[in-house]
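Shown next, in C-alpha cells, is the structure this report addresses.
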Amino acid sequence: MRSVVLNDDKVCVIETEKPLIADKGAIIKVEACGLCGSDLVKIREHAKNIKLGHEVVGKIVEIDSNTAFKIGDKVALGHHYPCFECDFCQHGHHSQCQHFKNTNIEPCGFSDYIYVTEGHLENTVFKVPENMTTETASFLEPLACCVRSVRCANLFERSRVLVIGLGSIGLLMGQAVKAYGHNVTGLDLIDERVKIAKKYNFDRTFNLNEYEIKREYDAIFMTSGADKAIDTALQTVKNGGKIVVFSSTPKNFGYANNEIYYRELTIMGSYSPAPCDLKESMRLLSEKKVTVENLSTVYSVENINNAISDTINNKILKALIKL
C-alpha cells in the first residue's frame, strides 16, 4: 500500500506493508486525511521518526472488537486517547498524559490503510452520519482542538472574544466561540481571509493594518503562528483578561512578565482534545453549529508536496489529501 514518510527532509510516498490487527482493533481504508498545521511544523523542523497525517476519514474493512462498530462503517477519528487515571488526566490535561502521547494510528493518516486499537474504537472513533460529507467529517479532530480551547478558557457568558489569525483553525475557533454564545471578532493580515470569515458567523472581521487597537476583549484566541501576534494579543486584551495560545511561533519567545503581573492577565495553552471534545465536535458538525463548506482544497496523495507548498504560501486555507 501507499504511505507518506519524511525521509532526508523530503516528504515521499512509499510502498509499504498493509498493517495487521494486533490483539483487538480495526483496519480502516482511508478515504481522505486533512493536512494539519502540526504536520507542517514537523516538516519545517525536520523532525525524525514522525507520523504525518491524523485527520482521517475512512471505512472499516476488518475488525476484531467488542465495540458496536462493524465492517462497512464510515468513520472519522482522533489519533490519541488518554489513560483517564494519571495525575494529568485527573486534572483535565489529557494531552499531557503519557498514554495519550504513546497511542497513535499505524502507520500514519496519509496511508491507504491504518490500524486503530480497541482503545481508539472505544474513545476516539466516531461513525459519520449518512448526510455528512467526507470533507466535513475530516474536520472532526481539528474542531475538537478548538472545542477544548473554548471549554478550558471557561469564559463568562457573552464574552467579547478576538481570534487572531483567520486560517482554517481560526475560522473553526471563531465558530466554536460563537456556538457557545459569545461575541467573536476576527483579525488577520490577508484581506481574502478577512472576507471569508464574514461568511462563517463572525460578528466582526478586520484587517490588522486597518484596525484601531484597543484593549476591549475579555479573551484572545491565538491561532496565528506569527511572532508579532503576541504584541497584538497584549494590546487588545482587557486588564484581567485571558489569552489562549493555540499556535507555535518561530522564535519561541513569550509574553512580557510585567504585563501579566500588573494587568492580572491569564496566559494559557491549549493543545489537543480529550475524547469528550471529539464527541462534542461531532455534535457541532452534525447540527451545523459549525460549518466547513469550501474550506478544503482536495489533492491526491501523489500531489501532497504541492498541498504542503500551497498551504505554506497561503494559496489555500486547508488541504485535504484523497487516497
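In the range 16-28, the residues that are outside the structural domain of Lys127 (by TED's automatic domain parsing) never reach a residue that is among the β-branched types (Val, Ile, Thr) with C-beta atoms less than 9 angstrom apart, at least six apart or across chains.
The criterion of at least 1 residues that are touching a helix residue (DSSP H, G or I) at 6+ places or on another chain (Cβ under 9 Å) is met, among strands (runs of 3 or more DSSP E) falling completely within the range 40-124, by 55-64, 74-77.
I need a count of the residues in the range 190-204 that are crowded, with 18+ Cβ neighbours inside 10 Å and farther than 19 Å from Glu293 by Cα. Residues that pass the stated criteria total 0. There is at least one residue in the range 140-152 that is over 26 Å from Thr311 (Cα atoms) and under 19 Å from the mean Cα position of the chain (by Cα). Selection of the range 210-228 for residues being touching a helix residue (DSSP H, G or I) at 6+ places or on another chain (Cβ under 9 Å) and part of a strand (DSSP E or B) yields Tyr217, Ala219, Ile220, Phe221, Met222.
When Thr236 is tested against (1) more than 25 Å from Leu295 (Cα to Cα); (2) free of Cβ contacts under 8 Å to residues at least 40 places away in the same chain; (3) among the hydroxyl-bearing types (Ser, Thr, Tyr), exactly one condition is not met: (2).
The combined condition, being under 22 Å from the mean Cα position of the chain (by Cα) and free of Cβ contacts under 8 Å to residues at least 60 places away in the same chain, is not fulfilled by Thr266. Counting the residues of the range 16-34 that are surrounded by fewer than 18 Cβ atoms within 10 Å (Cβ to Cβ) and part of a loop (DSSP other than H, G, I, E, B) gives 8. In this structure, is Lys228 out of contact with any His (no Cβ under 7 Å at 6 or more places or on another chain), over 18 Å from Pro250 (Cβ atoms) and not small (Gly, Ala, Ser)? Answer is no for this residue.
Scanning the range 260-281 for residues that are surrounded by 17 or more Cβ atoms within 10 Å (Cβ to Cβ) and more than 13 Å from Val147 (Cβ to Cβ) yields a count of 2.
Would you point out the residue of the range 283-308, among those that are exposed (fewer than 13 other Cβ atoms within 10 Å of the Cβ) and of a type in the set (S, T, N, Q), that is nearest to Gly109 (Cα to Cα)? Out of the qualifying residues, it is Ser300. Put simply, of Ser296, Ser281 the only residue that is among the polar types (S, T, N, Q), within 27 Å of Glu122 (Cβ to Cβ), touching a strand residue (DSSP E or B) at 6+ places or on another chain (Cβ under 9 Å) and not assigned by TED's automatic domain parsing to the domain that holds Gly167 is Ser281. Taken as a whole, the condition of being part of a loop (DSSP other than H, G, I, E, B) and either more than 30 Å from Phe100 (Cβ to Cβ) or at pLDDT 95 or above (or both) does not apply to Arg151.
The values are calculated or read from the model by the stated rules, or taken from the named source; none is laboratory data. Because the structure is a prediction, the values reported are computed rather than measured. Neighbour counts run over all protein chains shown; Cβ positions are idealised from the backbone, glycine included.
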